[in-house]
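Here is the structure we will look at, set down as structure tokens.
What follows is calculated from the coordinates using simple rules that are stated; it is not laboratory data. Since the structure is predicted, the reported quantities are computational estimates derived from the model, not experimental observations. Heads up, the Cβs are rebuilt from the backbone with ideal geometry, glycines too, and the neighbour counts pull from every protein chain shown.
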Amino acid sequence: MTAAPKTSAAPTPERTAETIRAIDDFYHRADELYRQTAWRMGLPDCAFDILYALMEEDGLTQKQLCERGFSSKQTVHSSVKRLQAKGLIALRGDSPRTMRAFLTERGRSEYAEPIRAVLAAERDAVAIFSDEEQRWLTGAMERYIDALDTRLSALSFR
């Protein structure tokens, strides 16, 4: 990867449209890679996201699982119930608001190794970039998301 261009010339509309398509394509390709990985593990997407999140940090609330997996409350709730019924996760807490999901021994024994392999693949994929390239990449994406947030937040639809 090369350093960011140093020019101050505004990009052409064509270049901007190509970049938007490329960003969309990267997102869809990554999403499809994870969908295929979940399928190969015999899991629906949301169940994979939940097990993945719990492998990284056990004891998350359903709200946190929604945020980590980019899924709706209803989707996560249904998936949590199915994973619980299969004995892969357990819910603990004093009330619905304090309930936290934990991997059970069965969940850990069945999915720890495959999910660790996914985490290792992610680390290996990022490791193709130097430290400087990683900083540039994450910095560029952060700038893009901040700019998009500012512009989308300013839109009025009513």
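Largest GNM mean-square fluctuation among Q64, Q84, Q74, using the chain with Cα springs under 10 Å: Q74.
May I ask for the net charge around A38, where only other residues with Cβ less than 10 Å from the Cβ of A38 are counted and Lys, Arg are +1 while Asp, Glu are -1? Every neighbour counted, the sum reads 0. One compactness figure for segment 60-139 is 1.41, namely its Cα radius of gyration divided by 2.2 N^0.38 Å.
With charges set only on the Cβ (+1 for Lys and Arg, -1 for Asp and Glu), what does the dipole of the chain come to about its Cα centre, in debye to the nearest 20?
For the chain, the charge dipole is close to 700 debye.
Axis angle, to the nearest 10 degrees, between helix 45-56 and the longest C-alpha principal axis of the chain: 80 degrees.
Which angle from 0 to 90°, rounded to the nearest 10, does the C-alpha axis of helix 131-153 make with the longest principal axis of the chain? Roughly 90 degrees between the two axes. Within segment 1-93, the chymotrypsin sites (Phe, Trp or Tyr not before Pro) that combine a DSSP coil assignment with at most 15 other C-beta atoms in a 10 angstrom radius are F70. Taken along the Cα-to-beta-carbon direction at a fixed 7 Å, the label points for S72 and I20 span 2.6 nm.
Straight-line reach from K63: taking Cα to Cα under 18 Å and skipping same-chain neighbours fewer than 8 places apart, the aspartates and glutamates in range are D45, D49, D94. Qualifying GluC sites (Glu not before Pro) in segment 40-110, where qualification requires a DSSP coil assignment and no more than 12 other C-beta atoms within 10 Å, comprise E57. Taking other residues whose beta carbon is less than 15 angstrom from the beta carbon of R106, and scoring Lys, Arg as +1 and Asp, Glu as -1, yields -1.
Mean silhouette area of segment 22-158, derived from the convex hull of its C-alpha atoms and averaged over all directions, reads 10.8 nm².
FRET efficiency for the A85 to S109 pair, using the beta carbon distance and R₀ = 25 Å, is estimated at 0.90. Dividing the mean sequence gap of close Cα pairs (under 8 Å, 6+ apart) by how many residues the chain holds gives a relative contact order of 19 percent. With the charge dipole of segment 1-142 set up from +1 on Lys and Arg Cβ and -1 on Asp and Glu Cβ about the Cα centre, the Cα lying farthest toward the positive end among the listed residues I50, A125, Q74 is that of Q74. Extending 7 Å from Cα along the Cβ direction at E122 and again at R151 yields two label points whose distance is 2.8 nm.
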